[in-house]
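Report on the following structure.
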Ligand code: FES
Ligand code: FES
């Protein structure tokens, strides 16, 4: 029997939906206890230097302020790098909050004011005076582009002879693209609530994509092995911001340990700009092609920014070596250190900006070679990942192009820019390809069926809005032939079986595989249990002889006996299976990736330069889709992010102060409802028996990749103007 | 537990009366406490969310006498005598409010953090009866950010629930 039958593949409503629409879903700052204290962080006003003195007398004098925590009075913490290195740490020496008097960036936490109410803590925080010895700082990537160094994780090695092939190519494109700093800005700000337990242990509610990552971090930094439990049943968005423990977590723990009381630290929206972000990039693309547009040479060089203490590396240029067929490729990736915090993975890290540059350059090549942009992609189609020299385990990108173009009406598009208009609205159509890796990480899951026949499945993963609760419930229900209502999936508790960070679009692939296998192991236990009763019709049957459906286990051969699972466990008692699933060996021989084709229509006001995206079609090949409704929502969300990247988002820094200027939601522009048109997400059929047993590749990142390029290409088609620097604001079009 | 600030002549706590989710509540609040903090911190009604505390995101939207407001921008004392409805007060004994049900049906959220604000805002919008086209709906829901980008599904949910709510003039 197919263990991936319905409800896998069905567009079911989220199992956590009712909790979310009634306000019952509780997030990290929403757990309380009598006597809970509140901490407010005081951040550095300078970008580099030394703290000379922290004068907290005025704050401490307030009735109800219990502590002003600084590097001078914090509890002992680890001093070496290793304990601070979490699962998503960059190379180098991680930031150690309140470690010493050094100021490494503007916004660095320098003190935590703890009081009986949050309002009081906030007021007291405003009274803390810090004296600094300021040192000259540098926060401008452009100013240090000559001082960059090789990234610790170098891009794929060159192949062929780029220089020769580029010089000989009859059609050449050479351009530079720039992308700005962007911040994750999940709607929920980062927060940690730490309950100090009677036995000195800590129960922590944190906003995180990895409860076990935070647990290990705290155990190591504070030497509290076995005394920390981290919970995160609901996370109000993260998009990467919860991949590393953020500073509010150790600060809340320091205060709790020092005071032996429960403490909550909630960051303000402004403070959401005082840790990781998508780094600014400068990218140079050189494409050489024959007269038909077939690539002969491709070079992609990127410069990214990092902090002075860590080298943040992302896969930015790698995509250019794998998306199209090309024999002569040269990729380069360098980093320049600034007096800023370390960047952090943000939705489709690397790809969101690297593929933007590649796909804009491909559009420029299409015009240089006078080929339709979609036709150009088809002429350069590759069944092989050129970086690895391996075939793709599946790649239905061609179907994405065909179905996406069909839905969008690409065939009607005239090639020449500025050929469509309605009144003073210039209309443009652009497209781009998207690509993301199809990862799998080791993961564990436990499946337990209780004596009432209810199935509880668990793993220490997260649901940051991605639909993990629902998808895992579907996978488990399918494997045991139970209705959704009989299955409960638990996550977000560090005591549960091991799960990797929830990121990189790998959760269905990793945790989903573990859930599936755990349920299959439970099938065997159910069969064994049924065979215990004397004269059981199941005697001698193997798993191949039985099917699980409609809440029963049924013999597939005469006498076709069906036995309700409830009755089996009614006799045997609860049954449990726990498994750990490693990525399969078969994956090593193949390249694995998700792909998409994105088609965008824009309307540009000729006089005002305002750009409005009026239509988007995104066709995605991501293997088996567990829940088309929640997965479609992920793709649409990714497209919204792509529109934000293309037109709105940019964190601006005042380099004289080394400080962000627009660190709030009024001036950091996120797309709003009125910015978003109808978005159509299409999943093309793609079968993959290599990626994992489910054949699922994950959809969290692929939705954003390529969108900004498709928008930029559409803007060119509308206006005839190439904007190579994101975001495309009206000043760049006038 | 003291909440007094040290400044000389700091005002004392005030008594206010609210009809909160259908229940009369006599409350003691500090004059500087926002309606949002009153709900979340003092009353444990954490369904109303805080995304910015500055009137920039809409996560804190509640209904005051049927009108949608950003509760982070209102001091609790300003609402003395008002009828306040939060997301916790929308569902009736017979189940979800039509707007809540439409949000579930259309998968109009991901992480759920903006959702209570979106739903209260949409109910307020129905009471206003000003949005008649899709673009007007989009414009008039633009004070509620959704970083997850669930906008198209939010729009679909509102369009679905609106006909049953229009003109009812209620908030529950
Ligand atoms: S919290 Fe009130 S508008 Fe953002
Ligand atoms: S659902 Fe996450 S912010 Fe709207």
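Nothing in this text is a laboratory measurement; each read-out follows from the coordinates by a stated rule. These numbers were taken from a predicted model, which means no experiment stands behind them. For neighbour counting, all protein chains shown are included, and Cβ atoms are generated from backbone atoms with ideal geometry for every residue, glycine included.
Worth pointing out:
- Acute angle (nearest 10 degrees) that the helix B:115-128 long axis makes with the longest principal axis of chain B, alpha-carbon atoms: 80
- Computed from the C-beta positions of residue A:411 and residue A:490 and an R0 of 60 Å, the FRET efficiency is 0.75 to the nearest 0.05.
- Restricting the calculation to Cα atoms, chain B shows an Rg/Rh of 1.00 when the hydrodynamic-style radius is the Kirkwood one.
- Stretchable slack from residue A:290 to residue A:532, in nm (0.36 nm times residue separation minus alpha-carbon distance): 79.9 nm
- Peptide ranges A:368-381, A:348-361 listed from the most packed, as the mean C-beta count within 10 angstrom indicates: A:348-361, A:368-381
- Radius of gyration, Dmax [region A:487-538; alpha carbons; angstrom]: 15.7, 51
- Label-zone membership for region A:102-141, site residue A:661, 7 angstrom Cα→C-beta point, backbone N under 18 Å: A:106-107, A:138-141
- The distance between label points at residue A:334 and residue A:734 comes to 3.6 nm (points 7 Å beyond Cα on the Cα→Cβ vector).
- Helix B:151-165 and the longest principal axis of the Cα set of chain B meet at an angle near 90°.
- Derived from the Cα gyration tensor, the three semi-axes of the equivalent ellipsoid of region A:620-734 are 33, 18, 13 Å, largest first.
- In this structure, residue B:128 and residue A:422 have a Cβ-Cβ separation that, at R0 = 35 Å, corresponds to a calculated FRET efficiency of about 0.70.
- Alpha-carbon geometry of region B:98-165: the Rg and the Dmax are 10.5, 29 Å, given in that order.
- Chain B - mean residue ellipticity at 222 nm from DSSP helices (-39,500 (n - 2.57) per run, n ≥ 4, rounded to 500): -7500 deg cm²/dmol
- Computed per residue of chain A from DSSP H runs no shorter than four, each worth -39500 (n - 2.57), the mean residue ellipticity at 222 nm is -6500 deg cm²/dmol.
- For residue A:176 and residue A:685, the FRET efficiency from 1/(1 + (r/R0)^6), where r spans their Cβ atoms and R0 equals 41 Å, is about 0.60.
- Other protein chain Cβ atoms within 10 Å, averaged over every residue that makes up A:109-119: 2
- Label-point gap, in nm, between residue A:561 and residue A:33 - each point 7 angstrom along Cα→Cβ: 5.2
- Look at the stretch A:9-21: the mean tally of other chain Cβ atoms within 10 Å of its residues' Cβ atoms is 5.
- The mean number of partner chain beta-carbon atoms within 10 angstrom of a residue's beta-carbon across peptide B:38-48 is 3.
- Ranked by the mean number of other Cβ atoms within 10 Å per residue, highest first, peptides A:567-573, A:118-124 order as A:118-124, A:567-573.
- When the P(r) of region B:2-89 is calculated, the portion above 22 Å amounts to 22% of the C-alpha pairs.
- Inter-label distance for residue A:163 and residue A:150, nm, one decimal - labels placed 7 Å from Cα along Cα-to-Cβ: 1.7
- Calculated log₁₀ intensity ratio I(q)/I(0) where the Debye formula runs over C-alpha points of region A:79-227, q = 0.12, 0.14, 0.21 Å⁻¹: -0.86, -1.08, -1.63
- Per the Debye formula on identical point scatterers at the alpha carbon atoms of region A:353-474, with no solvent, log10 I(q)/I(0) at q = 0.16, 0.19 Å⁻¹ is -0.96, -1.15.
- Extension gain for residue A:13 to residue A:588 (0.36 nm times residue separation, less C-alpha to C-alpha distance): 203.4 nm.
- Radius of gyration over Kirkwood radius for the protein assembly as shown, both on Cα atoms: the Rg/Rh ratio is 0.97.
- Highest-first arrangement of A:576-587, A:26-37, where packing means the average Cβ count within 10 Å: A:26-37, A:576-587
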